[in-house]
Amino acid sequence: MTEKLRPLSKTKKFKSNFLSEDKSNIQILLDKIAEMYSGLDGEEPRYPLKRFKYDDMVNSDFFTENGCSRKQVIKNIQQMFDGVISWYSPYTTFNITTTPLLDTVAASTVTNLLNPNCLWDFACGKFVLIEKNIIHLLGKTIFNSNNSDGLSTFGGKGTLFYAIKTGISNCDIDHKKNGLSGNYVVICSYVSHFCLADVCDYVGIGTNNLIRVPLQPNREMDYDALEKALEKSVQDGKKIAAVICNGGITLDFCMDNAKKIRSITDKIEKKYKLPYKIHIHGDMVFGWAWRFADEKYLKDCNEPAAKKILKIRNMLKNMTATDSIGVDFHKMGLCPHNSSFFVLKNGQHMDLLGGAVTAQDNGLWGNKHLHYNSLENSKSGTGIISAYTSLCTLGSRGIAEYLMYLMHVKETYVNLIETKFKHIFTILNTKSLGFEVVFKVTIDGNPFTKEDYINLCNGIWYAEKPPYIVSQVLRYFRNGKPEPALLIYSMSPHVTEKHCLHLLKMLEKDCRNLAKNRGTSPDSIENLFVPK
């Protein structure tokens, strides 16, 4: 006789480790979160970590026959956070990573608990509807279009992947069945994101067919060079998969004018009688927030920081001329990783993505099969709910206040450097509209070399308990020439002038120590991160 069926949730190992049928044990989850978090010690801008070699540490001993005790499981989990950067720290000024709103973290946690798969609306309730609402908002605000469509995806790299894949289908629809035929090119500026080369590799175009054109003095793409690159590519028999238009990058907030790019592509299409419209993608993963900031609030502020934000906001209006955009909410939307969206101005162009298998969609709930257009078949809803929670919580006023705060932090650093640290630090990005601070180091008339900046940052980054974290720019272009510099990108919501002053004092001390002991380290340029 078959043994009487006993629920797994009633057995010793699994008891209290599932949400109960009546959901009455939710407090257990909250207690587990608190227990795991309580052991994460360290108030530095990075949790303490002693450097190690992976070959010396990798092992699979954590997997045992009977599993680990709960105490051991918690210990194993907590050690994973060794070395994690504390983005909330006022002394973390390293990169574009936000401290997420607690509301977005809570929403993401509930989503992970209920585990909807957003490949198909039947499996995820209204998550696809909310995804469409966000896409509609982005399309209406950026494109002035009510016909936009798109996808949430895994990151900014994902948005570029979808953009280039759309562009390939646009210029060569037969490739979807027959494969790539001939040569394709993607054209962007020198300062467009380095991962574009990877994406060209992934989609089969090849990295040699990514063409980067130079910049004008104002950091916009050189439009004459763009036209020549397009013309040469067409003359060489190549198909234009996409032109990437910068919609604000993290250094100097570089923006290209999409309307000028559109006029050039229109000219090329007409001159060479191209059978397709050249796809223009707006890379707005960073810059989107400026377009959403409350205009009236900023005008009422009537101060230099607000005027810079308004200037960017106005300049981004030209992005209406693009065919698609990418947006990251985990950059400027106060959301956890990953929360990105790829948005097409014309929703009918979704057919350019996927399509090997299709499903009937009569507009009714239950018939939205996003996996037929998407790279992903297993798709978390955390990015969707995080973005939605952030937009609902902040509104345009909240986004404007956030940007104003970041600009005020920058102004504080700039003022301190110019009044108290001018003897050692010199600000380079004086014309930037963004909130980054780029500055060089000079001690007793001797400017830091590239190797000095590398060694300084190595000493900071790889200390077991770094008291602060700054970054570096090894090729900051000024007056057409590259020079190395330091970079402060402060995004913590807790910064005061006292924090800024203390960080600069610590930095000055470390710079002087490096200058004093220059050349004593045998590993002068190890651990160098420079994108290929």
Q) Which residues, taken from the range 64-98, are surrounded by 11 or more Cβ atoms within 10 Å (Cβ to Cβ), without any contact (Cβ under 8 Å) to a residue 40 or more places away in the chain, assigned to a loop (DSSP other than H, G, I, E, B) and not small (Gly, Ala, Ser)? A) 68, 82, 84
Q: Please go through the range 314-327 and pick out each residue that is buried (at least 21 other Cβ atoms within 10 Å of the Cβ) and out of contact with any Cys (no Cβ under 7 Å at 6 or more places or on another chain).
A: 316, 319, 323, 324, 325, 326, 327
Q: Could you list all residues from the range 190-230 that are touching a helix residue (DSSP H, G or I) at 6+ places or on another chain (Cβ under 9 Å), in contact (Cβ under 8 Å) with a residue 24 or more places away in the chain and more than 19 Å from residue 257 (Cα to Cα)?
A: 195, 196, 197, 198, 199, 200, 202, 203, 204, 205, 209, 210
Q) Among the residues of the range 99-110, how many are of a type in the set (D, E, K, R) and assigned to a loop (DSSP other than H, G, I, E, B)? A) 0
Q | Single match in 61, 41 (criterion: open to solvent by 90 Å² or more (accessible area, probe 1.4 Å), modelled with pLDDT under 90 and assigned to a loop (DSSP other than H, G, I, E, B)) | A | 41
Q: State all residues of the range 443-458 that are open to solvent by 50 Å² or more (accessible area, probe 1.4 Å) and assigned to a helix (DSSP H, G or I); if no residue qualifies, say none.
A: 450, 451
Q: Could you please let me know if residue 126 is surrounded by fewer than 21 Cβ atoms within 10 Å (Cβ to Cβ) and either touching a helix residue (DSSP H, G or I) at 6+ places or on another chain (Cβ under 8 Å) or among the aliphatic types (A, V, I, L, M) (or both)?
A: no
Q) Considering the range 104-123 alone, what residues qualify as being at negative phi, open to solvent by 40 Å² or more (accessible area, probe 1.4 Å) and not hydroxyl-bearing (Ser, Thr, Tyr)? A) 105, 106, 110, 112, 113, 114, 117, 120, 122, 123
Q) Which one is most open to solvent (accessible area, probe 1.4 Å) among residues in the range 196-221 that are among the β-branched types (Val, Ile, Thr) and part of a helix (DSSP H, G or I)? A) 207
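Every residue, every condition in (1) outside any helix (DSSP H, G or I); (2) among the acidic types (Asp, Glu); (3) closer than 26 Å to residue 253 by Cα, yes or no:
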residue	(1), (2), (3)
378	yes, no, no
389	no, no, no
404	no, no, yes
426	yes, no, yes
432	yes, no, yes
441	yes, no, yes
460	no, no, no
Q: Go over the candidates 159, 141 one by one and state the one that is among the β-branched types (Val, Ile, Thr), in a helix (DSSP H, G or I) and either closer than 25 Å to residue 44 by Cβ or open to solvent by less than 20 Å² (accessible area, probe 1.4 Å) (or both).
A: 159
Q) Are any residues in the range 462-509 surrounded by fewer than 17 Cβ atoms within 10 Å (Cβ to Cβ) and either among the basic types (Lys, Arg) or part of a helix (DSSP H, G or I) (or both), and if so, which ones? A) 465, 475, 478, 481, 497, 498, 501, 502, 505, 506, 509
Q. Quick check, is residue 181 within 30 Å of residue 217 (Cβ to Cβ) and among the hydroxyl-bearing types (Ser, Thr, Tyr)?
A. no
Q | Filter result (of a type in the set (Asp, Glu), open to solvent by 90 Å² or more (accessible area, probe 1.4 Å) and closer than 30 Å to residue 88 by Cβ) within the range 1-38 | A | none
Q. Any idea which residue in the range 178-189 is least open to solvent (accessible area, probe 1.4 Å), counting only those that are without any contact (Cβ under 8 Å) to a residue 40 or more places away in the chain and not aliphatic (A, V, I, L, M)?
A. 179
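For (1) touching a Phe, Trp or Tyr at 6+ places or on another chain (Cβ under 9 Å); (2) of a type outside the set (D, E, K, R); (3) in a helix (DSSP H, G or I); (4) more than 17 Å from residue 228 (Cα to Cα), each residue gets a yes or a no:
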| site | (1), (2), (3), (4) |
| --- | --- |
| 261 | yes, yes, yes, no |
| 265 | no, yes, yes, no |
| 270 | no, no, yes, no |
| 274 | no, yes, no, no |
| 278 | no, yes, no, no |
| 291 | no, no, yes, yes |
| 296 | no, no, yes, yes |
| 299 | no, no, yes, yes |
| 307 | no, no, yes, yes |
Q. Does residue 176 qualify as being modelled with pLDDT of 95 or more, of a type in the set (D, E, K, R) and over 14 Å from residue 387 (Cβ atoms)?
A. no
Q) So which residues in the range 44-58 are in a loop (DSSP other than H, G, I, E, B) and of a type outside the set (D, E, K, R)? A) 45, 47, 48, 49, 52, 58
Q) What about residue 411, is it in contact (Cβ under 8 Å) with a residue 24 or more places away in the chain and more than 21 Å from the chain's Cα centre (by Cα)? A) yes
**Q.** Among (1) touching a Ser or Thr at 6+ places or on another chain (Cβ under 9 Å); (2) part of a loop (DSSP other than H, G, I, E, B); (3) not polar (S, T, N, Q), the one test that residue 193 misses
**A.** (1)
**Q.** Test set (1) open to solvent by 10 Å² or more (accessible area, probe 1.4 Å); (2) touching a residue at least 40 places away in the same chain (Cβ under 8 Å); (3) farther than 29 Å from residue 338 by Cβ - residue 419 fails condition number
**A.** (2)
(Q) Looking at residue 19 and the list (1) aliphatic (A, V, I, L, M); (2) in a loop (DSSP other than H, G, I, E, B); (3) over 32 Å from the mean Cα position of the chain (by Cα); (4) closer than 30 Å to residue 86 by Cα, which single condition is not satisfied? (A) (4)
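The values are calculated or read from the model by the stated rules, or taken from the named source; none is laboratory data. Nothing here was measured: the structure is a model prediction, and the numbers come from that model. Heads up, the Cβs are rebuilt from the backbone with ideal geometry, glycines too, and the neighbour counts pull from every protein chain shown. Just the protein is used for accessible areas: all its heavy atoms, side chains included, with ligands, DNA and RNA removed. Shrake-Rupley method; radii C 1.70, N 1.55, O 1.52, S 1.80 Å.
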